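The values are calculated or read from the model by the stated rules, or taken from the named source; none is laboratory data. These figures come from a predicted structure and were not determined experimentally. Positions of Cβ are generated from backbone atoms using ideal geometry, with glycine treated the same way; all protein chains shown enter the neighbour counts. In case anyone asks, the SASA skips ligands and DNA or RNA and just uses the protein heavy atoms, side chains included. Shrake-Rupley method; radii C 1.70, N 1.55, O 1.52, S 1.80 Å.
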Amino acid sequence: MAKQTSAWITMQQMKRWPLMILALFSLSTAIVFLVRSTSTSCNTVSTTAATTTTTTTAGTGTRFNSEEKTASNALNFMKSKLVLLVSHELSLSGGPLLLMELAFLLRGVGAEVVWITNQKPPESDEVVYSLERKMLDRGVQVFSAKGQQAIDTALKADLVVLNTAVAGKWLDAVLKEKVSRVLPKVLWWIHEMRGHYFKLEYVKHLPLVAGAMIDSHTTAQYWKNRTRERLGIKMPETYVVHLGNSKDLMEVAEDSVAKRVLREHVRESLGVRDDDLLFAIINSVSRGKGQDLFLRSFYTSLQLIQEKKLQLPSMHAVIVGSDMNAQTKFETELRNFVVEKKIQGHVHFVNKTLTVAPYLASIDVLVQNSQVFFFFFFTARGECFGRITIEAMAFQLPVLGTAAGGTMEIVVNGTTGILHPAGKEGVTPLANNMVKLATHVERRLTMGKKGYERVKERFLEHHMSERIAFVLKQVLQHAKTHS
């Protein structure tokens with residue numbers, strides 16, 4: 001079987017790391033490749049002719065005078081505001097963790113923040129308990145989704161944030177006849193780009209809310225088209241807000257000593273040498289994330305190298321996001337392919353984890369291979385944003401990504417990485433791109449540096465906070481004029 005790394009380093013080794021490295025268990029670092037798939041500027045406004053709904057790109061027209069510009073500066077106007085955050089679930093998936101990150105940013109400027117989880121497991125759940133404790137420790141109040149307390153909070157709140165399309169079910173289920181009093185102050189934060197979320201029972205109130213906040217232009221356009229064509233409804237004022245890297249992750253990405261320590265330990269745990277070339281895909285293991293096509297491309301690249309008799313360091317494929325406790329049919333297919341092609345010594349499966357930085361420090365190229373595909377009644381169209389992409393760029397890694405979804409808004413093709421077609425048509429191009437970066441060290445390093453520069457220009461935490469602040473100001477104004 002392919003190599004399996006269930007824990008990338010022993011606890012004894014961890015004790016030797018600098019204290020800063022142990023701080024990597026941050027929420028924003030965790031978001032990128034979790035248990036489930038979820039998903040992730042200028043002041044111009046563009047209007048689509050087919051609909052009167054406008055899409056505003058928030059924030060990136062604003063230039064920052066220094067790197068010391070903080071989230072608190074941008075969101076100070078939220079001090080003492082009451083904000084209700086409604087999450088469909090509380091789990092280690094991207095949507096809830098992003099909302100928690102917003103909760104902590106708001107608490108950091110003195111906002112009163114209340115959290116509601118609409119759907120909880122029937123039995124006690126360790127993850128839910130842990131995340132709720134984390135919120136309570138940071139001053140976020142956690143209320144039951146049902147009952148008078150939830151209704152009273154929604155009516156009194158200055159702002160209500162619904163997180164993910166499915167959270168819309170909470171409006172009618174709990175608020176009932178009082179829904180119309182709350183809708184003018186609702187900001188709907190949408191991360192999904194799959195067809196099965198386009199159900200009227202989920203989003204029928206969408207045209208009446210103050211605004212929708214979406215992680216990429218591609219996803220925003222998809223929602224505009226699908227709600228109009230499939231449901232016959234219009235989107236509200238829609239704001240595109242690209243995500244940003246956390247300060248914790250950037251601190252490690254810019255610390256050469258920390259990166260060297262992480263690289264040595266991870267490579268040792270994988271059984272690879274320092275000069276070996278590692279291509280990694282870091283995402284939950286599922287067909288939509290394209291690990292199967294990635295492995296086919298990797299196998300093809302090994303064949304190309306052999307055919308051309310290229311003298312290169314040993315190449316390895318690393319798949320981070322495996323789940324050995326619940327190995328799916330899809331993952332079994334992946335492992336069988338590795339055995340069938342006899343590349344066990346070149347492929348490494350790593351269990352899902354909350355710490356992405358160690359792997360980014362240890363690899364040479366990130367592959368973002370999310371797909372466009374149709375499956376029964378839903379459609380997937382690449383990453384909504386793909387935070388792992390900007391995190392990899394922070395570590396000066398080139399990105400080989402599909403020309404689909406939010407990836408096209410992050411990766412500058414030919415400059416910070418190389419894009420390839422989604423689907424089977426992309427297998428050979430991706431293989432060729434792997435060989436290109438394997439054989440051209442200088443190009444690989446230059447792309448990595450350009451990616452880092454792009455992150456510093458537009459994908460930091462304070463950029464995201466500024467973009468969110470722009471949206472919140474608009475929503476608060478809307479609520480005021482419609483109260």
Report task. Among what's in the stretch 271-287 and is more than 26 Å from Phe385 (Cα to Cα) and among the hydrophobic types (A, V, I, L, M, F, W, C), pick the residue that is farthest from the chain's Cα centre (by Cα). Result -> Val272
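Does Glu89 qualify as being open to solvent by 10 Å² or more (accessible area, probe 1.4 Å) and over 14 Å from Lys134 (Cβ atoms)?
yes
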Query raised in the report: Which of the residues belonging to the stretch 340-356 are more than 14 Å from Leu270 (Cβ to Cβ) and open to solvent by 30 Å² or more (accessible area, probe 1.4 Å)?
Result: Glu340, Lys341, Lys342, Lys352, Leu354
Query raised in the report: Among the residues of the stretch 411-447 satisfying the criterion of being touching an Asp or Glu at 6+ places or on another chain (Cβ under 9 Å) and open to solvent by less than 10 Å² (accessible area, probe 1.4 Å), which is nearest to Glu383 (Cα to Cα)?
Result: Thr416
Report task. Considering every residue within the stretch 250-269, establish whether at least one is small (Gly, Ala, Ser), more than 29 Å from His463 (Cα to Cα) and assigned to a helix (DSSP H, G or I). Result -> yes
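Each row is one residue, and each column tells you yes or no for (1) assigned to a helix (DSSP H, G or I); (2) of a type in the set (Gly, Ala, Ser).
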| residue | (1), (2) |
| --- | --- |
| Ala173 | yes, yes |
| Lys178 | yes, no |
| Pro184 | yes, no |
| Leu187 | no, no |
| Glu201 | yes, no |
| Ala212 | no, yes |
| Ala220 | yes, yes |
| Lys224 | yes, no |
| Lys234 | no, no |
Requested in this report: Filter the stretch 96-108 down to residues that are open to solvent by 10 Å² or more (accessible area, probe 1.4 Å) and over 17 Å from the mean Cα position of the chain (by Cα), then give me how many there are.
Outcome: 4
**Report entry** Residue check for Arg454: open to solvent by 10 Å² or more (accessible area, probe 1.4 Å) and in contact with a helix residue (DSSP H, G or I) (Cβ under 9 Å, 6 or more places away or on another chain)
**Finding:** yes
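Say whether the condition of being in contact with a strand residue (DSSP E or B) (Cβ under 7 Å, 6 or more places away or on another chain), polar (S, T, N, Q) and not in a helix (DSSP H, G or I) is met by at least one residue in the stretch 241-249.
yes
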Query raised in the report: Among Leu312, Leu295, Leu278, Leu334, which is part of a loop (DSSP other than H, G, I, E, B) and under 29 Å from Ala394 (Cβ atoms)?
Result: Leu312
Query raised in the report: Which of the residues spanning the stretch 472-483 are of a type outside the set (Lys, Arg), within 25 Å of the chain's Cα centre (by Cα) and surrounded by fewer than 23 Cβ atoms within 10 Å (Cβ to Cβ)?
Result: Gln474
Query - the stretch 204-218, residues that are touching a strand residue (DSSP E or B) at 6+ places or on another chain (Cβ under 9 Å), under 25 Å from Gly405 (Cβ atoms) and of a type outside the set (A, V, I, L, M) - result: Gly211, Asp215, Ser216, His217, Thr218
Report summary line: Phe373 passes all but one of the listed conditions (1) in contact with a Lys or Arg (Cβ under 8 Å, 6 or more places away or on another chain); (2) at pLDDT 95 or above; (3) open to solvent by 10 Å² or more (accessible area, probe 1.4 Å); the exception is number (2)
Requested in this report: Filter the stretch 287-329 down to residues that are open to solvent by less than 20 Å² (accessible area, probe 1.4 Å) and at pLDDT 95 or above, then give me how many there are.
Outcome: 13
**Report entry** Residues of the stretch 110-147 satisfying the condition of being under 24 Å from the mean Cα position of the chain (by Cα) and open to solvent by less than 20 Å² (accessible area, probe 1.4 Å)
**Finding:** Val113, Val114, Trp115, Ile116, Thr117, Val128, Leu131, Met135, Val140
Query raised in the report: For the stretch 154-202, which residues satisfy the criterion of being surrounded by fewer than 24 Cβ atoms within 10 Å (Cβ to Cβ), of a type in the set (A, V, I, L, M, F, W, C) and under 22 Å from the mean Cα position of the chain (by Cα)?
Result: Val166, Phe198
**Report entry** Residue that is polar (S, T, N, Q), in contact with a Lys or Arg (Cβ under 8 Å, 6 or more places away or on another chain) and modelled with pLDDT of 95 or more, where the choices are Thr238, Thr227
**Finding:** Thr238
Report summary line: Checked against (1) touching a helix residue (DSSP H, G or I) at 6+ places or on another chain (Cβ under 7 Å); (2) at pLDDT below 90, His196 satisfies every condition except (1)
Report summary line: Counted residues in the stretch 241-254 being modelled with pLDDT of 95 or more and open to solvent by 10 Å² or more (accessible area, probe 1.4 Å) come to 4
